[in-house]
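The values are calculated or read from the model by the stated rules, or taken from the named source; none is laboratory data. What you see is a predicted model; the values in this text were computed from it and never measured. Because the Cβ atoms are built from the backbone with ideal geometry, glycine has one as well, and the counts that use them run over all protein chains shown.
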Amino acid sequence: MDRFDIRGGNRLAGRLTVKGSKNAALPLLAAALLTDELVTLRDVPDLADIRSMFKLLTELGCQVDYTPPTDPDAAGGVVRIQVTNPEISHARYEIVRTMRASICTLGPMVAKRGSARISLPGGCAIGERPVDLHLRGLRALGAVIDLDSGDIHARTPKAHLKPGRLRASRVFLGGPFGSTVLGTANVMCAAALADGTTIIECAACEPEIVDLANMLTAMGARISGAGSPRITITGVEKLRGVDHTIIPDRIEAGTYMCAALITGGDITLDNCPADALMAHIDRLEHAGAHIHVDHALDPMRTVARITGPGPRGIQPIEVTTQPHPGFPTDLQAQLMAVLTLADGNSVITERIFTERFLHVAELSRMGASIFRQGPTVIVSGVRRLVGAPVMASDLRASACLVLAGLAAEGTTIVNRIYHLDRGYERMEDRLRALGADITRASEKDEATTNTPAAVVA
């Protein structure tokens, strides 16, 4: 199992290109199941979750060809997907358990193939994320859904003894913690081939949903309102192929912005989705970062320069995670790492995943002063963090611990970084290019190094 060895204290400076968005790519890849024609996606990042989706699509009867970029600092590679066997519709547990976004294939398959069987996803380290809203939305479109041996089995209603089309409806997707991004993607994909006009109320407003709507529209779907709480979809009988470029990853961009602030660095980000990061940029600027965005470019593909903090150091702030366009829960842990070094007390409230605080104990091992009460954490800034062995619990907590290690005195060992590989491409190489002292090591390497030499008789 791999780990990062980080010797902190280096000021990061340089230039990076933000990779294509993982959270956009996964539902876009699943949407390729909606057509028999070729789907080409560009700026696809090389990540563990993306490779898992490739494997799943292959099992579901698709030919998947991935071409990596010739420039390692490019935004991503190109993937071409062509359905070759539409008769396969079972997403097995062995794949689904490695990647919750497998659920994104449910809506496209039941709409296009008339039937889908997907293993029911479980919980994860940041808490339960049930799929009841997905199923509620598909049932509203007329899908018949049963649970069978741990699988979700969804099928369209029969028409003259043959699978029929889904039927348009008004669908409400609000849940106890707001709307559901993947649920909105599932229902929108299914409604694109349904009979009639579907209205999704309390739809997710995230830019990844807008990107999916843009791709579906280019495939011939009729969609309006994406990016707002009400999306209208008028179903069509058939969708065509498409050549689509994925939006940049706002969470990756936000993470490297935090890296600039916590190390007092100077980082320029190309292909930066600044328009999708307004809440994050606002909080970083209040915390002492200086951020200049070239607004002459596409607002989702800007050049952003992040420096700081000024002479006053990192300043304490208050932040509450909210659905987009509020502060994203996927950047909560990274911002907490920054605020451990603020000059005063900061307050962070988590409204999306209330148990998303497993990184608190690990930051405390590094000398952070953090007090949690329910969904709220008070971070009392300290003068320094101290390197220590820490354990990553999930993807964004892993990034948080790497950021803390970059600023800490001494050596930080971040274990179980396979979490990071799900969402950050070659993070150690990209940080090293900015001046970080970071290396990847594995237990196998350590065992080889520590094996005593043979004794010659």
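The numbered conditions (1) under 30 Å from Ala397 (Cα atoms); (2) not in a helix (DSSP H, G or I) are all true for Val236 except (1). Note on segment 359-441: enclosed helices (runs of 4 or more DSSP H) holding 1 or more residues that are under 19 Å from Arg11 (Cβ atoms) are 395-407, 427-433. Looking at this structure, is Leu261 touching a Gly at 6+ places or on another chain (Cβ under 9 Å), assigned to a helix (DSSP H, G or I) and surrounded by 23 or more Cβ atoms within 10 Å (Cβ to Cβ)? Judged against the criteria, Leu261 is a match.
For segment 318-371, the tally of residues that are free of Cβ contacts under 8 Å to residues at least 12 places away in the same chain and either in contact with a Phe, Trp or Tyr (Cβ under 8 Å, 6 or more places away or on another chain) or among the aliphatic types (A, V, I, L, M) (or both) stands at 1.
Within segment 153-197, the set of residues being polar (S, T, N, Q), at pLDDT 95 or above and within 16 Å of Leu133 (Cα to Cα) comprises Ser169, Thr184, Asn186. Restricting Thr268, Thr255 to those that are assigned by TED's automatic domain parsing to the domain that holds Gln334, among the β-branched types (Val, Ile, Thr), closer than 26 Å to Leu420 by Cα and in a strand (DSSP E or B) reduces the list to Thr268.
Taking segment 21-59 as the range and being in contact with a strand residue (DSSP E or B) (Cβ under 7 Å, 6 or more places away or on another chain) and within 23 Å of Ala436 (Cβ to Cβ) as the test, the residues that pass are Pro45, Asp46.
In the condition set (1) crowded, with 17+ Cβ neighbours inside 10 Å; (2) touching a Lys or Arg at 6+ places or on another chain (Cβ under 9 Å); (3) among the charged types (D, E, K, R), Glu237 is compliant with all but (1).
Tallying residues that are among the small types (Gly, Ala, Ser) and assigned to a strand (DSSP E or B) within segment 206-228 yields 1. Please tell me if Ile231 is buried (at least 17 other Cβ atoms within 10 Å of the Cβ), in contact with a Gly (Cβ under 6 Å, 6 or more places away or on another chain), assigned to a strand (DSSP E or B) and at pLDDT 95 or above. The answer is yes for Ile231.
Checking segment 288-296 against the condition returns a match, with at least one residue being touching a Pro at 6+ places or on another chain (Cβ under 8 Å), at pLDDT 95 or above, crowded, with 21+ Cβ neighbours inside 10 Å and in the same structural domain as Arg7 (by TED's automatic domain parsing). If the condition is being touching a strand residue (DSSP E or B) at 6+ places or on another chain (Cβ under 8 Å) and under 13 Å from His134 (Cβ atoms), then segment 97-106 contributes Arg100, Ser102, Ile103, Thr105, Leu106.
Taking the criterion of being within 17 Å of Leu173 (Cβ to Cβ) and either of a type in the set (A, V, I, L, M) or in contact with a strand residue (DSSP E or B) (Cβ under 9 Å, 6 or more places away or on another chain) (or both), the residues of segment 225-242 that qualify are Gly225, Ala226, Pro229, Arg230, Ile231, Thr232, Ile233.
For Ala203, indicate whether it is hydrophobic (A, V, I, L, M, F, W, C) and assigned to a loop (DSSP other than H, G, I, E, B).
Numbers: hydrophobic (A, V, I, L, M, F, W, C): yes; assigned to a loop (DSSP other than H, G, I, E, B): yes.
So Ala203 passes the test.
For segment 9-31, residues that are in contact with an Asp or Glu (Cβ under 6 Å, 6 or more places away or on another chain) and small (Gly, Ala, Ser) total 4.
Being under 26 Å from the mean Cα position of the chain (by Cα), at pLDDT below 95, under 25 Å from Thr268 (Cβ atoms) and not acidic (Asp, Glu) holds for only one residue in Gly405, Gly423, and it is Gly423. When segment 249-270 is limited to residues that are more than 18 Å from the chain's Cα centre (by Cα) and among the polar types (S, T, N, Q), the one that is nearest to Thr17 (Cα to Cα) turns out to be Thr268.
The rows are residues; the columns are (1) free of Cβ contacts under 8 Å to residues at least 24 places away in the same chain; (2) crowded, with 21+ Cβ neighbours inside 10 Å; (3) out of contact with any His (no Cβ under 6 Å at 6 or more places or on another chain); (4) more than 30 Å from Thr307 (Cβ to Cβ).
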site: Met1; (1), (2), (3), (4): no, no, yes, yes
site: Ala13; (1), (2), (3), (4): no, no, yes, no
site: Gly20; (1), (2), (3), (4): no, yes, yes, no
site: Leu33; (1), (2), (3), (4): no, yes, yes, yes
site: Ala48; (1), (2), (3), (4): no, no, yes, yes
site: Ser52; (1), (2), (3), (4): no, no, yes, yes
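Counting only strands (runs of 3 or more DSSP E) wholly contained in segment 53-128, the ones carrying 2 or more residues that are at pLDDT below 95 and not assigned by TED's automatic domain parsing to the domain that holds Tyr418 occupy 115-119. Tell me whether segment 57-65 contains one or more residues that are within 18 Å of Ile95 (Cβ to Cβ), under 15 Å from the mean Cα position of the chain (by Cα) and touching a residue at least 40 places away in the same chain (Cβ under 8 Å). Within segment 57-65, none of the residues are within 18 Å of Ile95 (Cβ to Cβ), under 15 Å from the mean Cα position of the chain (by Cα) and touching a residue at least 40 places away in the same chain (Cβ under 8 Å).
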